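Below is one structure, written out as structure tokens; comments come after it.
The values are calculated or read from the model by the stated rules, or taken from the named source; none is laboratory data. Just so it is clear, the structure is predicted and the values come from calculations on it, not from any experiment. When we count neighbours, we look across all protein chains shown, and the Cβ atoms used for this are built from the backbone with ideal geometry, even at glycine. Remember, those area values only see protein heavy atoms, side chains included, never the ligands or the DNA or RNA. Shrake-Rupley method; radii C 1.70, N 1.55, O 1.52, S 1.80 Å.
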Amino acid sequence: MNTQTLLQPIQHFLYCQTPEAWIIEARKPENLPLLLTDHLVCELKAALTATWLIRKYVADKPSGEAILDWLKPYEAFVYREMPDPDFIRAHKGLSRPVTTATDYAWAGELVEKMMLLIKEELHHFYQVWEIMQQRGIAYQKMTASRYAKSLMREVTTHEPMTLVDKLICGAYIEARSCERFAALAPYLDPELEKFYTSLLRSEARHYQDYLHLAQQIADFDISARVQAIGRAEAILITSPDPELRFHSGCPIYL
């Protein structure tokens, strides 16, 4: 499958394309350390979101605690700036099966899809960190973008709609990541272009997995919620934004 064929469903799903102004700003060499650092953190946040879904809705307590333990080295590095742990060894520990504590028909599929997502996002985390090390880019904490937090304001506050909406938000975040990787890749050096192109297939599958789970869990047509959250996501992407991040809006010249 070529890149354009892969991107067609995502471009149809999203309510807007990335503004040209974002691409112009993001492709500047001086902004590469910022974007790589933000990308690193985004990969961890994606894994944490999937972990939260498993622990909140399906896993028994020992399984939930085991998943948290798996992510501790990554969290310690990103949020507490502890020395670089052995990420490869930590990644190899992601092997214990998750025991479900519910009888939801969709519980097994949620665990399967989210565990695969966790493993892939943490693998991507290590790949970004490796690139940063090779280029002499030290990790430094930065403020989070408004994107995910603002998108989550669209989530309904009662179940099962809370879960359905969170899954739809997850689908948009993954779809936007895929679209942005593809938009930026042609303007990067050959190594980074190859890397970001290599991420497209998994990001495209992640958005489909989130959307499939949302429809499976809901006992109604979710298209109205998909549309509402999609429109909110597009506003965040096209409206002025004072910070440049991987999921930021239209840059404001400072």
Test for Ala138: is it under 21 Å from the mean Cα position of the chain (by Cα), open to solvent by less than 80 Å² (accessible area, probe 1.4 Å) and among the hydrophobic types (A, V, I, L, M, F, W, C) = no
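Determine whether the range 62-73 contains at least one residue that is open to solvent by less than 20 Å² (accessible area, probe 1.4 Å) and of a type in the set (D, E, K, R).
No, the conditions are met nowhere in the range 62-73.
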Only one of these conditions is not met by Thr49: (1) of a type outside the set (Gly, Ala, Ser); (2) within 24 Å of Leu71 (Cβ to Cβ); (3) open to solvent by less than 50 Å² (accessible area, probe 1.4 Å). Which number is it?
-> (3)
